[in-house]
Amino acid sequence: MKMTLAEIAQAVGAVVSEDQVAQFKNIIIDNIAIDSRKATQGSLFVPLAGQRDGHDFVGNAQSNGASATFWQTGHDNRPDNISVVEVDDPLAALQGLAKYYLIKVNPKVVAVTGSNGKTTTKDMVAAVLATQNNTAKTQGNHNNEIGVPLTILGMETNTEVLVVEMGMDHFGQLTFLSDMVEPDIAVITMIGEAHIEFFGTRDKIADAKMEITSGLKEDGTLIINGDEPLLTARAEKWEPLTFGFEDHNYLYQTSMKLGSEQSEFTVNKWPEITFSIPMMGEFNVLNALAALAVGRRFHIKPADMAKALATFQPTANRNQWLQGQSGTMILSDVYNSNPTAVHEVLQSFKEVTTEGHHIVVLGDMLELGEKSGELHAGLATDLTPDEIEQVYLYGPDMAYLYQALQSRYSADNLHYYDQNQQEQLIEDLRADVTAADLVLLKASNGMHFDRVLAGLM
């Protein structure tokens with residue numbers, strides 16, 4: 001982005017004096033900062049309410065180079081050493097500015113949501129579309145009411161396509177985000193158990209995911225996983241494009257060869273082309289099918305799509321193979337976790353051959369509500385000693401799985417750690433794992449398995 005502060009003030013409906021307008025016309029803003037430590041020359045600082053009041057950090061932002069700040073009208077101690085744009089609500093102003101900038105740049109917008117796979121699908125879609133368009137995408141998983149505006153405001157003025165990831169943990173959230181970006185294409189990857197604590201059932205999760213159609217343009221396209229009845233039943237009136245493994249879908253795989261670091265597959269629309277992705281697992285082939293469906297709507301050449309998928313860079317800690325300090329190969333999937341995601345990655349992990357042991361390290365799956373104990377214990381169906389020799393479990397809810405596995409695993413092969421024993425978990429893994437072993441790390445982000453990963457690197 002690149003706008004004068006005067007244009008920004010006008011875009012968010014701020015009341016400014018003639019003298020301020022003249023001053024603001026000479027101030028160029030080229031980035032947004034919500035963390036005062038990351039403010040630089042040209043930053044507009046947005047003081048958001050969190051554990052601390054963002055207004056308390058305007059001075060820090062100014063010291064780090066910020067050129068201007070939003071300021072909530074009526075808030076105490078208005079600064080006089082930085083240009084101030086007074087607004088009723090800094091978050092609402094950020095969202096309004098994003099909407100203004102999106103209309104100004106006017107890219108095609110692809111919105112991606114789903115219980116699992118949305119970040120990887122977003123990365124794949126962006127790679128495919130970048131072969132023929134100036135493409136911007138959500139960085140990391142900045143997919144909520146703050147992250148989506150930051151994604152929009154982070155794109156260059158010559159952006160032709162914007163790929164936006166959208167997350168949700170309550171009803172109305174996707175309605176708000178979809179209305180903000182007004183997608184040309186909306187993609188729903190799948191319906192799982194993520195956030196079932198807040199929704200109660202998969203049916204209600206499907207209802208919430210369908211909110212992505214709220215802002216879908218009249219001539220827009222809805223792309224869904226056609227193997228999921230909860231989606232197909234709700235999407236009929238949009239005449240969706242479907243992808244999946246079953247042959248009733250618009251786009252489906254006709255053959256598949258899965259490896260530890262690469263998966264190959266063919267599809268019905270282009271039988272002469274073998275597609276490959278630098279990731280393991282059927283679930284990632286499904287994500288690639290979603291990306292191909294988007295690419296087809298954009299008329300991307302199949303050969304270009306194949307090249308893009310073969311070389312795309314996934315976001316860190318999504319099915320990422322890394323080499324640990326002992327030479328051990330570690331499959332890091334530590335950002336998100338729910339029963340479907342754990343089942344899928346375990347099935348793929350077990351198929352990878354090794355001269356050593358398959359070692360699984362699982363942390364709690366969060367936001368599962370009243371069913372959490374049952375769902376954690378249910379993972380036992382995917383764990384047997386002849387396929388997974390060692391199991392390490394961490395967190396209060398993994399105690400349910402520990403109990404379910406005690407009749408199957410010996411005490412030497414089944415290990416449990418409560419949430420105060422992460423250092424002990426790391427220490428034991430360092431002592432027990434050998435270079436010939438394969439290790440899977442899987443947990444919800446709130447379990448901080450990034451620290452476990454760092455301890456093994």
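The values are calculated or read from the model by the stated rules, or taken from the named source; none is laboratory data. The structure presented is a predicted model; accordingly, all values stated were derived computationally and were not measured. Neighbour counts run over all protein chains shown; Cβ positions are idealised from the backbone, glycine included.
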Checklist entry - Is segment 116-124 home to any residue that is among the hydroxyl-bearing types (Ser, Thr, Tyr), in a helix (DSSP H, G or I), buried (at least 17 other Cβ atoms within 10 Å of the Cβ) and out of contact with any strand residue (DSSP E or B) (no Cβ under 8 Å at 6 or more places or on another chain)? => result yes
Item to check | Odd one out for Val294, checked against (1) surrounded by fewer than 24 Cβ atoms within 10 Å (Cβ to Cβ); (2) in contact (Cβ under 8 Å) with a residue 60 or more places away in the chain; (3) in a helix (DSSP H, G or I) | outcome: (1)
Checklist outcome for this item: How many residues of segment 181-208 are surrounded by 22 or more Cβ atoms within 10 Å (Cβ to Cβ) and within 20 Å of Ala126 (Cα to Cα)? The answer is 8
Checklist entry - Which of the residues that make up segment 194-208 are on the phi < 0 side of the Ramachandran plot and either touching a helix residue (DSSP H, G or I) at 6+ places or on another chain (Cβ under 7 Å) or at pLDDT below 90 (or both)? => result Ala194, Ile196, Glu197, Phe198, Phe199, Thr201, Arg202, Asp203, Ile205, Ala206, Ala208
Item to check | Subset tally (residues that are on the phi > 0 side of the Ramachandran plot and in contact with a Gly (Cβ under 9 Å, 6 or more places away or on another chain)) for segment 126-183 | outcome: 2
Item to check | Sole residue being of a type in the set (D, E, K, R), under 25 Å from Thr120 (Cβ atoms), in contact with a strand residue (DSSP E or B) (Cβ under 8 Å, 6 or more places away or on another chain) and touching a residue at least 40 places away in the same chain (Cβ under 8 Å), chosen from Glu344, Glu351 | outcome: Glu351
Checklist entry - Any residue at all in segment 99-108 that is assigned to a helix (DSSP H, G or I) and buried (at least 24 other Cβ atoms within 10 Å of the Cβ)? => result no
Checklist outcome for this item: Restricting segment 30-57 to residues that are closer than 18 Å to Ile8 by Cα and in contact with a Phe, Trp or Tyr (Cβ under 6 Å, 6 or more places away or on another chain), the one surrounded by the fewest Cβ atoms within 10 Å (Cβ to Cβ) turns out to be Ala33
